[in-house]
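Structure first, commentary second.
The values are calculated or read from the model by the stated rules, or taken from the named source; none is laboratory data. If you're wondering where the values come from, they're calculated on a predicted model, not measured in any experiment. Every residue, glycine as well, gets a Cβ built from its backbone with ideal geometry; the counts of neighbours run over all protein chains shown. The protein model used for the area step is the full one, side chains on, heavy atoms only, and it has no ligands, DNA or RNA in it. Shrake-Rupley method; radii C 1.70, N 1.55, O 1.52, S 1.80 Å.
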Amino acid sequence: MYEYTIMALGAMALLMFLQLVFADIVGIKSRHTPGGSVQVDHENLLFRSTRTVANTNESIAIFVLASFFCIMSNASPALTAYAAWGFVVARLAYAMCYYSNIQLWRSVFFGVSLLCLLILVVIGVLTWV
């Protein structure tokens, strides 16, 4: 019933893994000391890749909780899946724009991902109203 939402959760886990590996590879290539601070500079790919990981980490708990809230509330499986996949696609686009230093679109996709989180919560709440 919620197969597509569960698949979105798995896809998000894969995206997070790939973001982490990418940031690690960039760090190794730039000879960055592990654990050392990264200079704030949007022109620096190491900064952008570590910020991508950090930003995803900041929102992932909301995504997981909102998805499970919808599932446990028996919300519409289709609407839940659309919102969950919207979040995953927006986060992928966000990461690609951040890596490429396309600031306007990065912000747009960040906003879309936030909207998808809000939609997930609203879908869950509406089952209780």
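Quick notes
- Accessible area, probe 1.4 Å, largest first, for residues TRP105, TRP85: TRP105, TRP85
- Per-residue accessible area (protein heavy atoms, 1.4 Å probe) orders PHE87, PHE69 as PHE69, PHE87, starting from the largest.
- Taking the alpha carbon gyration tensor of the chain, multiplying each eigenvalue by 5 and rooting it gives semi-axes of 31, 14, 11 Å, largest first.
- Charge dipole (Cα centre; +1 on Lys/Arg Cβ, -1 on Asp/Glu Cβ; no other charges) of the chain amounts to roughly 200 debye.
- q = 0.13, 0.14, 0.16, 0.17 Å⁻¹, segment 59-118: log10 I(q)/I(0) [Debye, one scatterer per Cα]: -0.35, -0.39, -0.49, -0.54
- Surface per residue (accessible, 1.4 Å probe) for the chain, Å²: 58
- Carbon + sulfur, % of accessible area of the chain - ligands and nucleic acids excluded, 1.4 Å: 72
- Rounded to the nearest 10 square angstrom, THR50 shows an accessible area of 50 square angstrom against a 1.4 Å probe.
- The chain: relative contact order as a whole-number percent, Cα under 8 Å and 6+ apart: 30
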